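Please treat every number below as a calculation from the coordinates, not as lab data. Computed from a predicted structure; not experimentally measured. Neighbour counts run over all protein chains shown; Cβ positions are idealised from the backbone, glycine included.
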Amino acid sequence: MKVLLLSTYEKTGGAAIAASRLLQALRKSGVDATMMCRKNLSWWRGKPQSWSSIAERMMLIAGNISTFGNLWTMDYAQCGQDITKTKEFQEADVIHLHWVNQGFLAFKELEKIVYSGKRIVWTMHDEWCFTGGCHYTGDCRHYQMGCECCPCVRVSAFCNAAHRAWENKQRIYNKRNITFVACSLWLKRISDKKALADGQRILTIPNPIDTDIYKPLATPPTNKVLFVAQRVDDERKGLKYLDQAVKILRKRGEKVEVVALGRDIPYISDEKEMAELYAKSACFVTPSLQDNLPNTIMEAMACGTPCVGFNVGGIPEMIDHCLNGYVARYKDATDLADGISYVMANRKMLGRAAREKVLATYSEDFVAKRYIKVYL
């Protein structure tokens, strides 16, 4: 059995990292697996691989999608590249899609894949599979009406772009030969409520992690609180709530030093170096306002570092409140501060339980075996 994983990026972003880790886990379990990314088609049809991504962004600019930052929160999947003629695709028995946006696969390419007759598995790393274009819907409920009159679009000529994208997905999914996989129970629950999920098979399998890389250190941790985000200016990451919580703690007389990766120190790409940073930290805080199954929480817990996060998305599935970390009330900086205090005071006990949770739930062998059952 040959499995081909499809991902826009190889290791840029949480979804790509999760896909790469699954590739490694499958190979360790004896599966003949390969991964194709957008960069693998670097001069597809005589054009650089970035052309489709640029064209996709230009569509959003034409529709005047509010601010520049929002250009990366939506995808209409109108521009992409045909992979069905590649050797890797033709030889594969199972096609496993992950995050395939930003000009990698458009709807016409997705349709060819679905109608190829091959086994199709699609891991959802956010809400895009069931919206008209948004990766996270937030408080918006337009998806319940087929994403008509999308509030993000300000140019009338593009007012139905999200609805057309929604209809394209519905047409493709009607073939009903895709097994969708949600990384978290939270994502499965909201997927079940969306109209496009009607009649579809949706399973829940978490992302894997290499617990030989991400592991505790023998040396005692520092008193530093760690925060990690690829884009610290992304409001969805909630850094302002962490800043507020730190001010509250300092007013109480507690000595807290925050290290924000991406703000205070440069982003670290080396996994072993990153694992050491987690293991040396007193706790890891993720004040995300929307998230699926954050790799960062899994990484920190694997290193024996307890986590603090808001009660949102898949976070409370990972952090067991007061058992291996602390789940704070949503957008409550005071409770976030209480959580940091609690975790730092009980770091050893919580960290041991955090590591045990990862070994039992997110190990490579455990996750790979669950996917292999889906492939067969």
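Working note: Karplus 6.51/-1.76/1.60 with θ = phi - 60° gives the stretch 123-134 the couplings 7, 8, 9, 7, 8, 4, 4, 10, 10, x, x, 6 Hz, where Gly and Pro are set to x. Taking amide H positions as modeled 1.01 Å from N, with prolines and chain starts lacking one, the residues under 5 Å from residue 122 and 5 or more places away or on another chain are 97, 179, 180, 181.
Other residues lying with their Cβ under 11 Å from the Cβ of residue 181 contribute a combined charge of +3, Lys and Arg counting +1, Asp and Glu -1. Angle of helix 51-62 to the longest C-alpha principal axis of the chain, folded into 0 to 90 degrees and rounded to 10: 80°. Under a 5 Å amide H cut-off, with hydrogens placed 1.01 Å from N, residue 259 pairs with 225, 226, 227 among residues at least 5 apart or on other chains. Please figure out what share of the DSSP beta bridges in the chain is antiparallel and state it in percent, rounded to the nearest 5. If we restrict to bridges inside the chain, about 0 percent are antiparallel. The tail of the calculated P(r) for the stretch 304-376, taken as Cα-Cα distances beyond 20 Å, holds 38 percent of the pairs.
Need one number for the stretch 245-287: average projected area of the convex hull over its C-alpha atoms, nm². Please list the in-between numbers first.
Numbers: hull surface 14.0 nm².
Here the figure is 3.5 nm², rounded to one decimal.
For the chain, the 222 nm mean residue ellipticity estimated from helices alone, with every DSSP H stretch of n ≥ 4 adding -39500 (n - 2.57) and the total spread over all residues, rounds to -11000 deg cm²/dmol.
Distance between the pseudo-spin-label points of residue 254 and residue 192 (7 Å out from Cα toward the beta carbon): 3.6 nm.
Is there a pair in 87/193; 28/215; 2/193; 224/331 whose C-alpha atoms are over 28 Å apart, and which pairs would that be?
The answer is 87/193; 2/193.
Taking amide H atoms as placed 1.01 Å from N in the peptide plane, the amide H of residue 35 lies under 5 Å from those of 5, each 5 or more residues away in sequence or on another chain.
Applying a DSSP loop filter and a limit of 14 other Cβ atoms within 10 Å to the chymotrypsin sites (Phe, Trp or Tyr not before Pro) in the stretch 228-296 leaves 267.
Using a Förster radius of 41 Å, what is the FRET efficiency between residue 345 and residue 201 based on their Cβ-Cβ separation? Nearest 0.05, please. Here the calculated transfer efficiency is 0.35. Each residue of the stretch 85-94 was assigned a 3J(HN,Hα) from its phi angle through the Karplus curve 6.51 cos²θ - 1.76 cosθ + 1.60 (θ = phi - 60°); the sequence is 8, 6, 4, 4, 5, 5, 8, 6, 8, 10 Hz, with glycine and proline shown as x. Between the stretch 74-104 and the stretch 116-151, the C-alpha centres lie 17 angstrom from each other. Largest mean-square fluctuation among 221, 266, 316, in a Gaussian network model of the chain whose springs join Cα atoms under 10 Å apart, belongs to 266.
The relative contact order of the stretch 305-376, computed from alpha carbon pairs under 8 Å that lie at least 6 residues apart in sequence, is 29 percent. Remark: relative contact order (the chain) = 15 percent; criterion is Cα-Cα distance under 8 angstrom and separation of 6 or more residues. Most mobile of 116, 184, 269 per a Gaussian network model of the chain (Cα springs, under 10 Å)? The residue with the greatest mean-square fluctuation here is 269.
Could you give the C-alpha radius of gyration of the stretch 155-265 expressed as a fraction of 2.2 N^0.38 Å, taking N as the number of residues it contains? Before the final figure, lay out each step's value.
Working: Rg = 21.7 Å, N = 111, 2.2 N^0.38 = 13.2 Å.
The value comes to 1.65.
Which aspartates and glutamates, if any, have their Cα less than 20 Å from the Cα of residue 112, not counting same-chain residues under 8 positions apart? The reachable aspartates and glutamates, counting only those whose Cα sits under 20 Å from residue 112, are 56, 75, 82, 88, 91, 93, 167.
When we measure straight from the Cα of residue 247, which aspartates and glutamates land under 15 angstrom away, once same-chain ones fewer than 8 places off are left out? Result set, ordered by chain and number: 257, 332, 335, 338. How high is the FRET efficiency between residue 115 and residue 269 when r is their beta carbon distance and R₀ equals 30 Å, given to the nearest 0.05? So the FRET efficiency works out to roughly 0.20.
Hey, what's the Kirkwood Rh for the stretch 72-154 if you take every pair of different alpha carbons, in angstrom?
14.0
The calculated FRET efficiency for the pair residue 87 and residue 361, based on their C-beta separation and a Förster distance of 30 Å, comes to about 0.25.
Averaged over every viewing direction, what's the projected area of the C-alpha convex hull for the chain? Give it in nm², one decimal, please.
On the way: hull surface 72.2 nm².
Averaging across all directions leaves 18.1 nm² for the Cα convex hull.
Along the stretch 30-38 the Karplus relation, 6.51 cos²θ - 1.76 cosθ + 1.60 evaluated at θ = phi - 60°, assigns HN-Hα couplings of x, 7, 7, 10, 9, 10, 10, 10, 4 Hz to successive residues, with x for each Gly and Pro. Of all the options 13, 351, 253, the one that moves most in a Gaussian network model of the chain with Cα springs shorter than 10 angstrom is 253.
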